[in-house]
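Here's the structure, in structure tokens; my notes come after.
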Amino acid sequence: MHGAGVAVHEAKCPTVWGCSANHGDATLANMDLTEGRSDRHLGTQLGVVTALLDGDASLAFHQVLDLLSAGTPFDEILFDVLVPIQTDVGRRWVEGDYGIGDEHAVSAALETVVALLAGSFDQPEDGTHIVISAAEGDTHSLPSKVIAAYLTFRGFRVTNLGATLPAEELQESLELHRPAALILTCTMAGNLPGARQCIAAAHRAGVPVVAGGRGFGSDDRRARRLGADAWLSNPRLLDGLLGRWEPKIEEAEAAAADLDEANLSDRWADVGAIAEAVASAHDLTKTQLAALRIDVNMFVATLDASILVEDSQPLIEVADWHRAYVVAGDRPSTTDSILNQLTEVLGAVDPRVVPHVAGALEGTGAQPG
Ligand code: B12
């Protein structure tokens, strides 16, 4: 049926190259359900987020159980009730409405709720075995927890390796578990080089990879360039894909054969010099200096990602996000200083830096979200 080479969606088929068959669920691929907030659950969501802000995971869990016993499908609870709460927390954090403490309280309590839900399903002995992990360096572990809960509910045997696992360790785990697939999540584009290390490690272990998450953007190009065997934005389509795909690891890996990493993040002295130069141009408090160092690391990592996937979009998006973030929260406007210093300090190290930074300086003026 589906010939050689797998995985990126075409107009009619969301997952398999060159397939002209019309699979009923193709349209779903174009709807990002994770963003969907169905007002139907607004009342419960407000109750849940209030409980989460207090760190009361038990109260939030029981509110969710009420929805379940009222017949609300499990995937709707995960993707239309709980996930939009996190997206909203992110927006309110950017706008200075929530502090980092609020985000941490909600994230930690929500992790408990998702763990309680996932733990209430037995893992079938004969279920298809799936391993899930966040990209190397990505500390966002909730996406893999939520997707692990969903796939367990759908009858898969799931091993969740969580966040920030080094690629070599991932390879060992995959050689031990020998799963049918690795589900790889990447939340920030700056972790795409880490995602590439994970894809290569999985392929060395003979395991095909389904990639997804905000870091991979809204289409398949980044995942394909990094050698992934499949890309999806919507986790609800995972079991359909896993039920019918025929991954060809060699072909997927061939797409990444000529990748040329810049590894600018490894140039610690240069990264430090960029932060020093920006700090000297702005009157920053101690807390703002600490935030600046994280921001400079994020910009250099995202520049590495743009060079790796030969696409300025990751750096443009992070610059747009940062500009809106500093304005929304009345923070020091360091975005363009950081960008100019990237060219100043790293332009001579790797000429590919200059055009990407130029694109980000122009920016698109898009709002964070
Ligand atoms: C919670 C959170 C954190 C927590 C994570 C806690 C945890 N245990 O996971 C912590 C505090 C660790 C954190 C750290 C940081 N964060 Co943060 N974080 C968030 C926040 C608020 C929510 C993310 C989340 O959990 N969403 C819930 C998950 C389940 O939803 P999701 O990611 O959308 O995933 C869904 C889909 O994408 C899809 N999907 C995801 N993966 C996959 C994979 C496959 C195969 C498939 C099919 C589908 C799929 O399905 C998922 C479920 O529906 C976001 C805001 C936001 N809007 O997302 C910021 C956000 C991602 N963080 C951000 C930043 C900047 C940071 C920091 C740099 C902050 C700092 N200064 O330190 C650090 C970076 C650390 C690092 N190196 O990774 C920015 C990124 C900006 C950018 N453009 O890149 C965001 C967008 C902030 C914002 N509000 O705008 N963060």
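Within the stretch 68-84, does at least one residue satisfy the condition of being β-branched (Val, Ile, Thr), open to solvent by 20 Å² or more (accessible area, probe 1.4 Å) and at negative phi?
There is at least one residue in the stretch 68-84 that is β-branched (Val, Ile, Thr), open to solvent by 20 Å² or more (accessible area, probe 1.4 Å) and at negative phi.
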Just one listed residue, out of Ala195, Ala254, Ala273, Ala200, is modelled with pLDDT of 95 or more and touching a Leu at 6+ places or on another chain (Cβ under 8 Å), and it is Ala195
Before we move on, is Thr87 without any contact (Cβ under 8 Å) to a residue 60 or more places away in the chain and not small (Gly, Ala, Ser)?
no
Among the residues in the stretch 283-291, are any among the acidic types (Asp, Glu), more than 20 Å from the chain's Cα centre (by Cα) and open to solvent by 20 Å² or more (accessible area, probe 1.4 Å)?
yes
Among the helices (runs of 4 or more DSSP H) confined wholly to the stretch 157-266, which include 1 or more residues that are free of Cβ contacts under 8 Å to residues at least 12 places away in the same chain and within 16 Å of the ligand (Cβ to nearest atom)?
238-244
Only unsatisfied item for Ile132, checking (1) assigned to a strand (DSSP E or B); (2) open to solvent by 70 Å² or more (accessible area, probe 1.4 Å), is (2)
Determine whether Asp320 is closer than 16 Å to Leu361 by Cβ, within 13 Å of the ligand (Cβ to nearest atom) and touching a residue at least 24 places away in the same chain (Cβ under 8 Å).
yes
Going residue by residue through the stretch 296-307, is there one that turns out to be out of contact with any Phe, Trp or Tyr (no Cβ under 7 Å at 6 or more places or on another chain), under 12 Å from Leu346 (Cα atoms), open to solvent by less than 20 Å² (accessible area, probe 1.4 Å) and of a type in the set (A, V, I, L, M)?
yes
Tally up the residues in the stretch 135-156 that are within 20 Å of Phe216 (Cα to Cα), free of Cβ contacts under 8 Å to residues at least 60 places away in the same chain and open to solvent by less than 30 Å² (accessible area, probe 1.4 Å), please.
4
Output the qualifying pairs, or none if there are none: Cβ atoms under 7 angstrom, residues six or more apart or on different chains, first residue in the stretch 274-289 and touching a residue at least 60 places away in the same chain (Cβ under 8 Å), second residue not aliphatic (A, V, I, L, M).
Ile274/Gln341; Ala277/Gln341; Val278/Thr334; Val278/Ser337; Val278/Gln341
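The values are calculated or read from the model by the stated rules, or taken from the named source; none is laboratory data. The structure displayed is predicted, hence computed values, not measured ones. Positions of Cβ are backbone-derived with ideal geometry, glycine not excepted, and every protein chain shown enters the neighbour counts. For accessibility, only protein heavy atoms count, side chains too; no ligands or nucleic acids. Shrake-Rupley method; radii C 1.70, N 1.55, O 1.52, S 1.80 Å.
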